[in-house]
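Here is the structure we will look at.
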Amino acid sequence: MDHQKIIIMPMFKRSSANPILLPNSKNSWENKATFNGCPAQDGDKMHFLYRAIGSDNVSTIGCAESLNGAKFKNRRQFLQPEFDWEKYGCEDPRVTKLGSSYYIFYTALSEYPFRAEGIKLGLAVTKDFKTYKKYSVTNFNSKAMALFPGKIGKKMVAILTANTDSPPAKIGLAFFDTPQQMTSPAYWNKWYKNVDKHRLVIERAENDHVEVGAPPLKTKYGWLLFYSYIQNYFTPPATFGIEAILLDLNDPSKIIKRTTKPLLTSETDYEKFGNVPNISFPSGAILTGDKIDLYYGVADTACAVASCSLKELLKEMS
């Protein structure tokens with residue numbers, strides 16, 4: 001499909017401050033790229049985690065602070081490879097607060113040259129964004145995992161993308177009785193053997209590719225999930241778009257509403273030009289009243305934010 005003919009749902013307004021986070025030439029660990037940022041609100045302050053690439057081309061996870069969600073200070077390297085299962089990089093953090101802890105899932109790279117078998121998920125748990133505990137999570141090719149910001153029934157629930165690098169990718173739900181199950185090889189062996197039972201089917205065509213974007217937002221209407229929808233992934237030119245689904249509050253395997261075309265694609269210069277051109281990838285979201293602030297990575301180089309009304313968005317979903 002011709003990129004110029006993609007029809008979008010034009011309800012998101014890009015911030016005039018975009019791109020809101022750029023590489024910092026003074027910091028060797030983040031002088032090439034700072035993208036795919038995910039916010040976590042902590043009172044009046046926002047912690048903003050993002051993927052950073054520096055002089056050594058190894059991805060690590062940075063942390064910055066903000067009072068308004070657009071200007072950042074106190075940038076520092078927060079997570080970097082420490083164990084063999086993440087030896088070659090920590091990518092694309094997704095953070096959710098549940099109880100008194102923040103659960104940060106990220107892509108962990110254990111092999112180089114990169115191949116699907118060495119691309120899995122890691123978890124860091126923190127209460128203060130200073131100290132943390134790390135865990136290896138999945139034992140199969142997977143990326144893009146996020147915890148729901150509230151229990152469903154008595155269970156913790158996560159959404160993740162399996163087979164991201166050995167497609168077709170599959171977005172699925174995982175239910176945990178205890179936090180320990182999140183990192184249990186036995187749990188994940190059973191989950192992966194039955195992956196199709198856990199799957200949310202949101203692709204519209206066989207040539208399309210999907211990946212979890214921002215951690216789910218809880219609204220009174222349902223769980224709102226922004227995700228990456230790549231049209232014509234297997235028959236380029238591909239188009240990276242941002243889309244959304246609304247899931248039932250009590251049974252997130254039920255899709256209530258969905259978008260039928262992209263909410264946002266790469267149109268501005270900062271979205272079209274960079275380390276990897278024409279990528280706009282959803283990575284985090286904040287809901288304040290009726291206002292959604294959607295954070296997304298642009299051209300695998302920087303972070304941006306766009307806003308819209310929750311009610312207006314839901315009106316346009318079918």
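What the table below lists for this structure:
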{"read-out": "Verdict on Leu287 being touching a residue at least 60 places away in the same chain (Cβ under 8 Å) and either farther than 17 Å from Phe48 by Cα or among the polar types (S, T, N, Q) (or both)", "value": "no"}
{"read-out": "Cβ-Cβ under 9 Å pairs, at least 6 apart or on other chains, segment 204-225 side over 14 Å from Ile159 (Cα atoms), far side of a type in the set (Lys, Arg) and surrounded by 19 or more Cβ atoms within 10 Å (Cβ to Cβ)", "value": "none"}
{"read-out": "Among the candidates Lys261, Lys311, residue that is among the charged types (D, E, K, R) and either assigned to a loop (DSSP other than H, G, I, E, B) or touching a residue at least 24 places away in the same chain (Cβ under 8 Å) (or both)", "value": "Lys261"}
{"read-out": "Cβ-Cβ under 7 Å pairs, at least 6 apart or on other chains, segment 154-173 side farther than 12 Å from Ile119 by Cβ, far side of a type in the set (D, E, K, R)", "value": "Lys155/Asp177; Lys170/Arg199; Ile171/Arg199; Gly172/Arg199"}
{"read-out": "Segment 264-295, residues that are buried (at least 17 other Cβ atoms within 10 Å of the Cβ), of a type in the set (A, V, I, L, M, F, W, C) and assigned to a strand (DSSP E or B)", "value": "Leu264, Phe281, Ala285, Ile286, Ile292, Leu294"}
{"read-out": "Residue under evaluation Gly122, criteria (1) surrounded by fewer than 18 Cβ atoms within 10 Å (Cβ to Cβ); (2) not in a loop (DSSP other than H, G, I, E, B), criterion not met", "value": "(1)"}
{"read-out": "Residue match in segment 155-163 (condition: part of a loop (DSSP other than H, G, I, E, B) and of a type in the set (Ser, Thr, Tyr))", "value": "no"}
{"read-out": "Residue within segment 1-22 that is acidic (Asp, Glu) and either in contact with a helix residue (DSSP H, G or I) (Cβ under 7 Å, 6 or more places away or on another chain) or over 30 Å from Pro237 (Cβ atoms) (or both) present", "value": "no"}
{"read-out": "Looking only at segment 67-79, and only at residues there that are without any contact (Cβ under 8 Å) to a residue 24 or more places away in the chain and out of contact with any Asp or Glu (no Cβ under 8 Å at 6 or more places or on another chain), the one that is nearest to Lys26 (Cα to Cα)", "value": "Arg76"}
{"read-out": "Residue match in segment 48-55 (condition: under 17 Å from Pro81 (Cα atoms), modelled with pLDDT of 95 or more and among the hydroxyl-bearing types (Ser, Thr, Tyr))", "value": "yes"}
{"read-out": "Residue count for segment 152-189, restricted to those that are over 17 Å from Asn141 (Cβ atoms), loosely packed, with under 13 Cβ neighbours inside 10 Å and of a type outside the set (Ser, Thr, Tyr)", "value": "5"}
{"read-out": "In segment 15-42, the residues that are surrounded by 15 or more Cβ atoms within 10 Å (Cβ to Cβ) and either aromatic (Phe, Trp, Tyr) or free of Cβ contacts under 8 Å to residues at least 60 places away in the same chain (or both)", "value": "Asn24, Asn27, Trp29, Glu30, Asn31, Phe35"}
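Condition check ((1) within 25 Å of Phe148 (Cβ to Cβ); (2) not in a strand (DSSP E or B)) across all residues:
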position: Ala52; (1), (2): no, no
position: Cys63; (1), (2): yes, no
position: Arg76; (1), (2): no, no
position: Ala108; (1), (2): yes, no
position: Tyr112; (1), (2): no, yes
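The values are calculated or read from the model by the stated rules, or taken from the named source; none is laboratory data. Just so you know, these numbers come straight off a predicted model, no measurement behind them. Note: ideal-geometry Cβ built from the backbone for every residue, glycine included; neighbour counts use all protein chains shown.
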